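Peer 1: Got a structure for you, questions after.
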Amino acid sequence: MAIILVRAASPGLSAADSISHQGTLQCSTLLKTKRPAARRWMPCSLLGLHPWEAGRPSPAVYSSLAVNPAGEAVVSSEQKVYDVVLKQAALLKRQLRTPVLDARPQDMDMPRNGLKEAYDRCGEICEEYAKTFYLGTMLMTEERRRAIWAIYVWCRRTDELVDGPNANYITPTALDRWEKRLEDLFTGRPYDMLDAALSDTISRFPIDIQPFRDMIEGMRSDLRKTRYNNFDELYMYCYYVAGTVGLMSVPVMGIATESKATTESVYSAALALGIANQLTNILRDVGEDARRGRIYLPQDELAQAGLSDEDIFKGVVTNRWRNFMKRQIKRARMFFEEAERGVNELSQASRWPVWASLLLYRQILDEIEANDYNNFTKRAYVGKGKKLLALPVAYGKSLLLPCSLRNGQT
């Protein structure tokens, strides 16, 4: 399922540390480390269709077509992303039937116990920046736990290229070089110890390169785009920077042997969680993003609510803003609801960290409401006490039968 990535500038691990200001890669021994607005369709859950019922495909695409300003039918972002979901699911099913070829790191001079040290470093980074998620990973098997750490670290490094302390120096050329580096590690030629951990993970699990490439495309979007005309555009952005994480993670976390859900529906739930997380990030960080000249909110929906960019920059909470935020929060919760149906389709040992992340992230929406929708000057966060209370709840949920089995019971 999805790993939580907070898209806000933060100190620490940065892939930019190993990319020069001119965009050339530098060696480092130890790396420090947003569907159209006026929706005319409803998600399957609101129509009473549950993709987790045995033998039924997932109706995850809410519409295959959108309409552009000229009135022409075009393929929607949801359909484009769902095509990726279908591809990933097909790859997983095929590769589970065929042993993964050994493509373990070869071209890097690793010292004795080098891979163990690389994975341990990934674990340290995960523990430092995602404590709750890290705790949940401790219930996984060692191989899965280490693999999730490696994916988390690559995603964090990629994210910090455009959101980290060196973001002002990152160019499209630097991202091109980062993508070439990605291609190298997928063929067993890692650049550094952290790359080596991911390269080894790729050799052990049926992981495809496309979601990783798509995440880099999301970083390119951050370099050239600061506004999103409608939710269709924002949806694609959310897929790039967060939905991709779910697609990366499903092959590692595994699907429960007793699950009757289709592989496609499990991937769709992982995607929904990534979208929900990113929408929550966006709603939490409106003020912070505005101070950087960025507005990750659908422009057409702002206009329909009688709001403009100027209102965002002024940062005054009005009734118009409250009503607008209520609709945005409702949408984010809808994606969380879609994601919930898929968590227990994962292998049991993988469920707790996903449930913990889902429950804690969704509570950020509650905190925005508690702050009277002031996300201009107040940062919504979940306190330590609430986090601790959520952990046993998440564990309890992880023990339930897969939704596909519960729906089949009478």
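Peer 1: So, in the range 260-282, of the ones that are assigned to a loop (DSSP other than H, G, I, E, B) and not charged (D, E, K, R), which residue ends up most open to solvent (accessible area, probe 1.4 Å)?
Peer 2: Thr262
Peer 1: Does Thr257 count as closer than 30 Å to Leu405 by Cβ and surrounded by fewer than 24 Cβ atoms within 10 Å (Cβ to Cβ)?
Peer 2: Criteria met by Thr257.
Peer 1: Working only within the range 322-380, note down all residues that are of a type in the set (D, E, K, R) and within 22 Å of Leu405 (Cβ to Cβ).
Peer 2: Glu337, Glu338, Glu340, Arg341, Glu345, Arg351 - these are the residues of the range 322-380 that are of a type in the set (D, E, K, R) and within 22 Å of Leu405 (Cβ to Cβ).
Peer 1: Out of the residues in the range 57-94 meeting the condition of being at pLDDT 85 or above and among the small types (Gly, Ala, Ser), tell me which one is most open to solvent (accessible area, probe 1.4 Å).
Peer 2: Ala90
Peer 1: What number of residues within the range 300-345 satisfy the criterion of being β-branched (Val, Ile, Thr) and out of contact with any helix residue (DSSP H, G or I) (no Cβ under 8 Å at 6 or more places or on another chain)?
Peer 2: Number satisfying all stated conditions: 2.
Peer 1: Is it the case that Leu115 is over 25 Å from Asn281 (Cβ atoms) and outside any helix (DSSP H, G or I)?
Peer 2: Spelling it out, it is not the case that Leu115 is over 25 Å from Asn281 (Cβ atoms) and outside any helix (DSSP H, G or I).
Peer 1: Just one of (1) within 22 Å of the chain's Cα centre (by Cα); (2) not in a loop (DSSP other than H, G, I, E, B) trips up Ile295, so point out which.
Peer 2: Status for Ile295: all satisfied but (2).
Peer 1: Still on this structure, I have one more. Kindly provide the set of residues from the range 295-318 that are small (Gly, Ala, Ser) and touching a Ser or Thr at 6+ places or on another chain (Cβ under 7 Å), ordered by number.
Peer 2: Of everything in the range 295-318, just one residue is small (Gly, Ala, Ser) and touching a Ser or Thr at 6+ places or on another chain (Cβ under 7 Å), namely Gly315.
Peer 1: Suppose the filter is surrounded by fewer than 17 Cβ atoms within 10 Å (Cβ to Cβ), on the phi > 0 side of the Ramachandran plot and in the same structural domain as Ala256 (by TED's automatic domain parsing); does Asn113 pass it?
Peer 2: For Asn113, the condition - surrounded by fewer than 17 Cβ atoms within 10 Å (Cβ to Cβ), on the phi > 0 side of the Ramachandran plot and in the same structural domain as Ala256 (by TED's automatic domain parsing) - is met.
So that you can scan it fast, the table gives a plain yes or no per residue for (1) modelled with pLDDT of 90 or more; (2) in the same structural domain as Trp355 (by TED's automatic domain parsing); (3) surrounded by 17 or more Cβ atoms within 10 Å (Cβ to Cβ):
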{"position": "Asn168", "(1), (2), (3)": "no, yes, no"}
{"position": "Pro172", "(1), (2), (3)": "yes, yes, no"}
{"position": "Pro190", "(1), (2), (3)": "yes, yes, yes"}
{"position": "Ile207", "(1), (2), (3)": "yes, yes, yes"}
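Peer 1: Could you please give the count of residues in the range 179-199 that are closer than 13 Å to Ile209 by Cβ and of a type in the set (Phe, Trp, Tyr)?
Peer 2: Residues in the range 179-199 being closer than 13 Å to Ile209 by Cβ and of a type in the set (Phe, Trp, Tyr): 1 in total.
Peer 1: Could you please give the count of residues in the range 329-356 that are open to solvent by 10 Å² or more (accessible area, probe 1.4 Å) and not aromatic (Phe, Trp, Tyr)?
Peer 2: Matching residues across the range 329-356 total 11.
Peer 1: Determine, yes or no, whether Asp102 is in contact with a helix residue (DSSP H, G or I) (Cβ under 7 Å, 6 or more places away or on another chain), open to solvent by 80 Å² or more (accessible area, probe 1.4 Å), at pLDDT below 90 and in the same structural domain as Lys386 (by TED's automatic domain parsing).
Peer 2: Yes: the conditions hold for Asp102.
Peer 1: List every residue pair whose Cβ atoms lie under 8 Å apart, where the two residues are 6 or more positions apart in sequence or sit on different chains, the first residue falls within the range 387-410 and is at negative phi, and the second residue, located anywhere, is modelled with pLDDT under 90 and charged (D, E, K, R).
Peer 2: Leu400/Arg406; Ser404/Glu53; Asn407/Glu53; Gly408/Glu53
Peer 1: Kindly indicate which of Asp285, Asp222 is more than 26 Å from Arg177 (Cα to Cα) and open to solvent by less than 10 Å² (accessible area, probe 1.4 Å).
Peer 2: Going through Asp285, Asp222 in turn, the sole match is Asp285.
The values are calculated or read from the model by the stated rules, or taken from the named source; none is laboratory data. None of the values given here were measured: they were computed from a predicted structure. Cβ: placed from backbone, ideal geometry, glycine included. Neighbour counts: every protein chain shown. These area figures cover heavy atoms from the full protein model, side chains too; ligands, DNA and RNA do not enter into them. Shrake-Rupley method; radii C 1.70, N 1.55, O 1.52, S 1.80 Å.
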